[in-house]
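Before any comments, here is the structure.
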Amino acid sequence: MINLGSIEKSVNIPIELYESTLGKYFIGYADELSIKNGTSAWAMLYNPRRSGVNLHVNVWTVTDISNNPFRAQFWFNSDPPGNASESSLVTPSNMAFRPTPQPQIRLLKASNANGGPEGGVKAFVRRGEPGTTVVEVENGKLIFPPGGSFLVFVTLTDSACVSGAARIAFGWWEERIR
């Protein structure tokens with residue numbers, strides 16, 4: 001017989017739930033990224049130099065909405081090509097806060113970019129088939145200080161004469177630097 005009086009009770013919650021309860025977890029995506037005639041598209045989580053936070057990447061997804069296979073390159077701290085714009089499709093995951101928390105991290109994106117990323121580190125590459133979503137949960141282990149960035153750079157692997165589109169999404173939390 002087990003002596004229940006000697007068992008300690010503990011509760012474990014996932015880190016992303018914990019960060020969300022603090023108002024520090026955010027989700028966002030770059031939608032309808034166009035890739036035409038040998039160009040590329042990308043989305044990037046950028047941590048501004050004066051943000052005062054470390055960026056923890058928790059999850060990323062790349063969804064291909066074309067009829068061609070694609071390649072996604074993942075770069076740390078690089079300068080991507082093209083004309084960047086900021087995605088407005090970013091929100092805190094915990095909507096119970098009033099006012100809702102605002103992220104320090106910026107989600108930047110570009111379509112039909114010529115050339116490739118410069119500088120930084122190409123950390124890994126994933127490939128996807130038409131109509132699939134490639135996803136990875138990083139559990140916050142990809143950490144970028146102010147001035148750092150996490151870039152997802154997407155190209156089509158078939159002919160340069162084809163076109164397509166992509167959707168790139170992220171989940172992250174922000175840790176205040178003390």
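The table below lists the values:
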{"read-out": "Relative contact order of the chain, pairs being alpha-carbon contacts under 8 Å that are 6 or more residues apart, as %", "value": "45 percent"}
{"read-out": "Distance from region 1-65 to region 101-178 (C-alpha centre basis), Å", "value": "13 Å"}
{"read-out": "Highest average packing first - 11-22, 37-48, Cβ atoms within 10 Å", "value": "37-48, 11-22"}
{"read-out": "Kirkwood Rh (inverse of mean 1/r, distinct Cα pairs), the chain, angstrom", "value": "17.3 Å"}
{"read-out": "³J(HN,Hα) computed for each position of region 76-89 - Karplus, 6.51 cos²θ - 1.76 cosθ + 1.60, integer Hz, glycine/proline x", "value": "9, 6, 10, 9, x, x, x, 9, 7, 9, 9, 6, 8, 8"}
{"read-out": "Burial ranking of peptide ranges 142-148, 52-58 (average Cβ count within 10 Å, highest at the top)", "value": "52-58, 142-148"}
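Read-outs throughout are calculated quantities, based only on the coordinates presented, and are distinct from any laboratory measurement. If you're wondering where the values come from, they're calculated on a predicted model, not measured in any experiment. Counting neighbours? That spans all protein chains shown, and the Cβs are built from the backbone with ideal geometry, glycine included.
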